[in-house]
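**Q** Here you go, one structure.
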Amino acid sequence: MAKDPKLPKVSPGSEVDAFLRKVAATPPPSGDARGRLIFAMDATASREPTWDQASHLQAEMFKETESLGGLEVQLIFYRGFGECKAGPWVQRSAELLRFMSGVFCLAGRTQIGKVLQRAAKETKAQKVSALVFVGDAMEEDVDHLGHLAGELGLLGVPCFMFHEGNDLVARKAFQQIARLSGGAFCTFDASSAKQLRELLSAVAVFAAGGRKALADYSRKTGGLVPQLTHQIK
């Protein structure tokens, strides 16, 4: 696959600020139901170097929501020749890590459309609070993805899109998916693992307990998260 043009340099701070503003504007979960979060990942060959890192990051998401009554998470991944799988809904990080440990990356094309369709199917069966997607490429029809993202927006499932690397096509597509679903977009690389961990944990806490839970989390952790709670206030 030919390399896409390099992305123009942007201020990491401004991207994080924009991401946090979008999370702050997202409606919190309603009622007493446990938050449900889909964690979707590109497991094609280009993501192999950072797969283990992502495993540790999602474990942090669980840890930060345990005191809120927990969070149900479903892992979806795609790889190889048309393979797209969804794991069971789990409530403990150990269960999800066990499932992820059996996954290895395989060369193949992206299947983001299948991920978005699965998210719509899941929330029609039982409300899904949010979708988190981590990937580095997009090789599908962007108009089709936009239509699917719009459907998720109507269903109240915001997509929080995390883009790894410098593929301009993927960046623009991820931004569109986030915008049309009512979610948010942010870039990251290997040097920003701490930042990504904070942002993922913030989304997970928000999905599990809403704005009050996020404010409590902010007071405990500091870092980037207070920017979010200040905007909510």
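**Q** Could you list all residues from region 101-110 that are touching an Asp or Glu at 6+ places or on another chain (Cβ under 9 Å) and either exposed (fewer than 14 other Cβ atoms within 10 Å of the Cβ) or not hydroxyl-bearing (Ser, Thr, Tyr) (or both)?
**A** Those that are touching an Asp or Glu at 6+ places or on another chain (Cβ under 9 Å) and either exposed (fewer than 14 other Cβ atoms within 10 Å of the Cβ) or not hydroxyl-bearing (Ser, Thr, Tyr) (or both): Phe104, Cys105, Leu106, Gly108, Arg109.
**Q** So how many residues does region 112-165 have that are over 25 Å from Arg197 (Cα atoms) and buried (at least 24 other Cβ atoms within 10 Å of the Cβ)?
**A** Matching residues across region 112-165 total 0.
Table: residues versus (1) more than 15 Å from the chain's Cα centre (by Cα); (2) at pLDDT 70 or above; (3) among the charged types (D, E, K, R).
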{"site": "Phe19", "(1), (2), (3)": "no, no, no"}
{"site": "Ser30", "(1), (2), (3)": "yes, no, no"}
{"site": "Ala43", "(1), (2), (3)": "no, yes, no"}
{"site": "Glu48", "(1), (2), (3)": "yes, yes, yes"}
{"site": "Asp52", "(1), (2), (3)": "yes, no, yes"}
{"site": "Gln58", "(1), (2), (3)": "no, no, no"}
{"site": "Leu68", "(1), (2), (3)": "yes, no, no"}
{"site": "Val90", "(1), (2), (3)": "yes, yes, no"}
{"site": "Val103", "(1), (2), (3)": "yes, yes, no"}
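**Q** So, in region 146-182, of the ones that are modelled with pLDDT under 95 and either of a type in the set (Asp, Glu) or touching a Pro at 6+ places or on another chain (Cβ under 6 Å) (or both), which residue ends up farthest from Val132 (Cα to Cα)?
**A** So the residue we want is Asp167.
**Q** Do we have any residue at all in region 151-160 that's among the β-branched types (Val, Ile, Thr) and touching a Lys or Arg at 6+ places or on another chain (Cβ under 6 Å)?
**A** Within region 151-160 (the criterion being among the β-branched types (Val, Ile, Thr) and touching a Lys or Arg at 6+ places or on another chain (Cβ under 6 Å)), the answer is no, since none of the residues qualifies.
**Q** Here's a check for you: in region 183-233, which residue that is within 26 Å of Thr123 (Cα to Cα) and of a type in the set (Phe, Trp, Tyr) is modelled with the lowest pLDDT?
**A** Phe206
**Q** Further question on the same structure: Give me the pairs: first residue in region 125-152 and farther than 16 Å from Gly183 by Cα and in contact (Cβ under 8 Å) with a residue 40 or more places away in the chain, second residue part of a loop (DSSP other than H, G, I, E, B) and among the acidic types (Asp, Glu), beta-carbon distance under 7 Å, and six or more apart or on different chains, which are they?
**A** Taking only residues 6 or more apart or on different chains, the pairs are Asp136/Asp167; Ala137/Asp167.
**Q** Give me the residue from region 74-120 that is β-branched (Val, Ile, Thr) and in contact with a helix residue (DSSP H, G or I) (Cβ under 7 Å, 6 or more places away or on another chain) and, out of that set, nearest to His163 (Cα to Cα).
**A** The initial filter retains those residues of region 74-120 that are β-branched (Val, Ile, Thr), namely 76, 90, 103, 110, 112, 115.
Adding the requirement that they be in contact with a helix residue (DSSP H, G or I) (Cβ under 7 Å, 6 or more places away or on another chain) leaves 76, 90, 112.
Details: Ile76: 16, Val90: 25, Ile112: 13 Å.
Applying the filter and picking the extreme gives Ile112.
The values are calculated or read from the model by the stated rules, or taken from the named source; none is laboratory data. Note that this is a predicted model, so its numbers are computed, not measured. Reconstructed Cβ throughout: ideal geometry from the backbone, glycine too, with neighbour counts over all protein chains shown.
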